[in-house]
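First the structure, in the form of structure tokens, and then the observations on it.
The values are calculated or read from the model by the stated rules, or taken from the named source; none is laboratory data. Everything numeric here is computed off the predicted structure, so don't read it as measured data. In this analysis, Cβ positions are derived from the backbone assuming ideal geometry, glycine residues included, and neighbour counts consider all displayed protein chains. Only protein heavy atoms, including side chains, enter the accessible area calculation; ligands, DNA and RNA are left aside. Shrake-Rupley method; radii C 1.70, N 1.55, O 1.52, S 1.80 Å.
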Amino acid sequence: MSSTVLEKANAFAQAPYDVLALRQDFPILDRKVHGKPLVYLDNAATSQTPRQVIDVFSDYYSRCNANIHRGLHTLADEATAAFEGTRHKVRAFLNAEDARQIIFTRGTTEAINLVAQTWGRTHLGAGDEVLISLLEHHSNIVPWQLLAAERGFTIKVIPVDDSGALDMQAYRELLNERTRLVAVNHVSNALGTINPVKEMAALAHQQGALILVDGAQATPHQAVDVQAIDADFYAFSGHKVYGPTGVGVLYGKKALLEAMPPWQGGGEMIKTVSFDAGTTFAGIPHKFEAGTPAIAEVIALGRALEWLEEVGVGAIGQWEHVLLEHATHAVSSIDGLRILGTAPDKAGVLSFVVDGAHSQDIGLLIDQLGVAIRTGHHCAQPLLHHFGVDATCRASFAAYNTLDEVDTFVDALNRVIGMVR
Ligand code: PLP
């Protein structure tokens with residue numbers, strides 16, 4: 001272990017951040033896989049869920065399961081209050097001005113599709129340009145491609161340098177009076193690159209363009225302030241912030257959301273429905289939330305955000321950085337291993353390929369040793385092709401991972417590479 005990593009680890013041992021105590025919140029971390037203690041390093045795909053969040057489901061279905069908003073009985077009232085309570089927690093989590101700017105979706109993917117199908121469908125047409133980056137997850141590429149095929153606008157791509165950092169000079173040059181929207185991730189899931197979204201927002205706004213920030217990989221690791229970024233839209237997923245699957249969030253600036261047409265039609269999103277006079281719609285956020293939502297999941301998301309706040313998302317990000325540095329240093333000595341993504345500003349993601357060893361083989365064999373990493377294209381095929389590979393192995397860190405787990409992972413990786421070469 002390098003001395004700087006040790007110093008940082010020691011500093012954490014003295015600080016209130018107590019990783020061993022925090023692990024007690026996660027029942028799944030006690031399980032064994034193939035007879036070995038689980039080392040879970042697939043956190044960029046889905047983080048594990050603390051007991052406090054799991055308990056919400058049992059409590060909700062045991063005590064106040066009811067449909068929300070329209071009921072007059074006690075259970076409906078309690079469920080509505082808990083559901084809307086999460087909206088206020090998300091407002092505070094993102095530092096939005098108003099809870100009505102928080103729209104619940106199924107996840108980041110649905111949030112981006114919502115913007116494409118409402119704002120995009122209204123405002124984008126032939127001659128317009130949408131700027132995305134080479135770092136995007138497919139969920140911030142395909143919705144724009146689908147719409148572009150229909151509406152005839154052009155998608156331009158911001159390139160990256162060899163480290164996987166966005167080429168900001170190219171970004172400045174790509175922005176022009178035809179640019180209507182910049183859609184970028186805050187943190188890349190495939191490489192861990194942290195993008196300068198505040199600076200990017202300022203540059204987009206100078207050109208009269210909006211900016212949508214995909215925050216799926218940023219929200220678990222750093223405090224996010226949508227007002228400070230000046231994001232027009234910001235999206236994230238519950239299952240990456242220690243919350244449940246099936247729920248996510250779209251934040252939008254109020255004037256934009258108010259002007260956007262509804263997306264899906266149905267119950268909950270209307271004011272009046274008439275065969276003769278047509279239908280009038282509810283205000284924001286309900287206009288965008290047709291049908292019965294994932295009530296228990298939304299309430300559990302609120303508890304997950306509280307948990308994040310109790311631990312401190314800043315402290316988590318710093319701890320993950322210690323883990324990343326330790327892992328990066330340890331794997332660097334492995335013969336033929338190449339790390340993809342070495343940007344100076346990087347979250348806890350370690351993506352790599354190994355000469356003479358197929359990523360999928362490494363993933364399958366290392367699982368036999370109890371270590372869960374992700375292998376494949378990470379829903380970022382254009383990015384991986386740019387780096388000349390079809391797949392990488394990715395270890396990604398979370399609040400509960402330890403330096404010992406990193407060592408176990410590196411030992412296991414060495415063993416597996418020895419087997420497949
Ligand atoms: N954006 C990024 C950067 C991601 O990493 C992911 C998921 O891995 C998504 C979007 C999609 O999130 P979801 O599948 O929760 O909608």
> Which whole-number percent gives the relative contact order of the range 54-309, counting Cα pairs below 8 Å spaced six or more residues apart?
Replying inline: 24
> Just the Cα atoms of the range 117-159, one point each, no solvent: what log10 I(q)/I(0) does Debye give at q = 0.18, 0.28 Å⁻¹?
Replying inline: -0.46, -1.02
> How many percent of all Cα-Cα pairs in the range 266-376 sit more than 18 Å apart?
Replying inline: 71
> Just Pro244, Pro344, Pro196 to compare: in a GNM of the chain, with alpha carbon springs under 10 Å, which one fluctuates most?
Replying inline: Pro344
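Quick one, what does Rg over Rh come out to for the chain if you take C-alpha atoms and the Kirkwood Rh?
Here Rg/Rh amounts to 0.98.
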>> Tell me the angle of helix 295-311 to the major Cα principal axis of the chain, expressed in degrees between 0 and 90 and rounded to the nearest ten.
In response: 50
> Going by average Cβ neighbours within 10 Å, how do the peptides 374-382, 153-161 rank, with the highest at the top?
Replying inline: 374-382, 153-161
> With labels modelled as points extended 7 Å from the Cα through the Cβ direction, what inter-label distance (nm, one decimal) is found for Glu309 paired with Arg172?
Replying inline: 3.9
> How large is the helix-only mean residue ellipticity at 222 nm for the chain, computed as the sum of -39500 (n - 2.57) over DSSP H runs with n ≥ 4, divided by its residue count, in deg cm²/dmol to the nearest 500?
Replying inline: -11500 deg cm²/dmol
> In terms of the Cα gyration tensor, with a ≥ b ≥ c the square roots of its eigenvalues, is the range 168-303 rounded because a/c is under 1.5, prolate because a/b exceeds b/c, or oblate?
Replying inline: oblate
>> As a test of reading the structure, rank Glu268, Glu150 by solvent-accessible area (1.4 Å probe, protein chains only), most first.
In response: Glu150, Glu268
> Arranged from highest to lowest average of other beta-carbon atoms within 10 Å per residue, in what order do the peptides 331-342, 28-39, 85-96 appear?
Replying inline: 85-96, 331-342, 28-39
>> What do you get for the angle between helix 359-368 and the principal long axis of the chain? Use alpha-carbon atoms, 0 to 90 degrees, nearest ten.
In response: 80
>> I need the peptides 232-240, 400-408 ranked by packing, meaning the mean over residues of other C-beta atoms within 10 angstrom, with the highest value on top.
In response: 232-240, 400-408
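Tell me the net charge near Leu257. Cut-off is 11 Å between Cβ atoms, Leu257 excluded, with +1 for each Lys or Arg and -1 for each Asp or Glu.
Counting the neighbours of Leu257, the net charge comes to +1.
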>> Under a Cβ-only charge scheme (Lys and Arg +1, Asp and Glu -1), can you give me the dipole magnitude of the range 54-309 about the Cα centre, in debye to the nearest 20?
In response: 420
>> Give the separation of the Cα centroids, the range 257-333 to the range 378-421, in Å.
In response: 29
> When only the heavy atoms of the protein chains count and the probe is 1.4 Å, how do Leu203, Leu75, Leu413 rank by accessible area, highest first?
Replying inline: Leu75, Leu203, Leu413
> With point charges of +1 on the Cβ of Lys and Arg and -1 on the Cβ of Asp and Glu, referenced to the Cα centre of the range 77-164, which listed residue (Thr122, Val142, Pro159) lies farthest in the positive direction of the dipole?
Replying inline: Thr122
>> In Å and on Cα atoms, what radius of gyration and Dmax does the range 73-170 show?
In response: 18.1, 60
> Short version: ³J(HN,Hα) in whole Hz for each residue of the range 95-101, in order, from phi by Karplus 6.51 cos²θ - 1.76 cosθ + 1.60 (θ = phi - 60°), x for Gly and Pro, what are they?
Replying inline: 6, 6, 6, 9, 4, 6, 7
>> Just to confirm my numbers, what's the Cα centroid distance between the range 71-120 and the range 168-204 in Å?
In response: 26
> Points 7 angstrom from Cα along the Cβ direction at Thr74 and Asp404: gap in nanometres?
Replying inline: 4.8
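I need the shape label for the range 131-243. Rule: rounded when a/c is under 1.5, else prolate if a/b > b/c, else oblate, with a, b, c from the alpha carbon gyration tensor.
Because its axes are fairly even, with a/c under 1.5, the range 131-243 counts as rounded.
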> Size of the dipole of the range 86-146 about the Cα centre, Lys and Arg at +1 and Asp and Glu at -1 on the beta carbon, nothing else charged, in debye to 20?
Replying inline: 380
>> Rolling a 1.4 angstrom probe over the protein chains, ignoring ligands and nucleic acids, what is the accessible area of Leu350 in square angstrom, nearest 10?
In response: 0
>> With both bridge residues required to lie in the chain, what share of the DSSP beta bridges run antiparallel, to the nearest 5%?
In response: 60
> Of Ser188, Ala218, Leu175, which is farthest on the positive side of the dipole of the range 144-234, counting Cα position, with +1 on Lys and Arg Cβ, -1 on Asp and Glu Cβ, and the Cα centre as origin?
Replying inline: Leu175
